[in-house]
């Protein structure tokens, strides 16, 4: 636990720095925290959906070792987790779709991801800084609703790291490494 929390904080700060560099638009002065969170979510949603689309279907069952999830299971796990986190924020019962356990096809997993993102869109779209300060129980602790949405972002990016590794092992360039992902000013200078 001592290593987990500092690592989680580093990941969050790094993610924030990347998002701040990519999109200089200022959040709404009335709701700066929830506006930033929503913007980060929108960005991550695009990354995950693009990752799902880039991997050929024959590689959805790929996993580097028997002790880890395969590519498709990671996508299903992301979708399942989104329902858990966003249901907490929406004060709804988790729909409990068990996507990781029941869906294996590329088309089915992409559709399930889109559905889970549509469900979470309601949570992010309805969030304000004031409503984000309300608490809910998450993993046995009172947690602000805005923090629950941040945990959703962190969890999704954690598993994007898994997807990146799998894509690299299959010689596929991950979305965040594609040319044009970062604004031109953040690209290293051309070699002479």
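Please treat every number below as a calculation from the coordinates, not as lab data. What you see is a predicted model; the values in this text were computed from it and never measured.
Taking the square roots of 5 times each eigenvalue of the Cα gyration tensor of the range 46-160, largest first, gives ellipsoid semi-axes of 27, 14, 12 Å. Extents of the range 93-156, largest first, come to 40, 25, 22 Å (Cα atoms, principal axes, whole angstrom).
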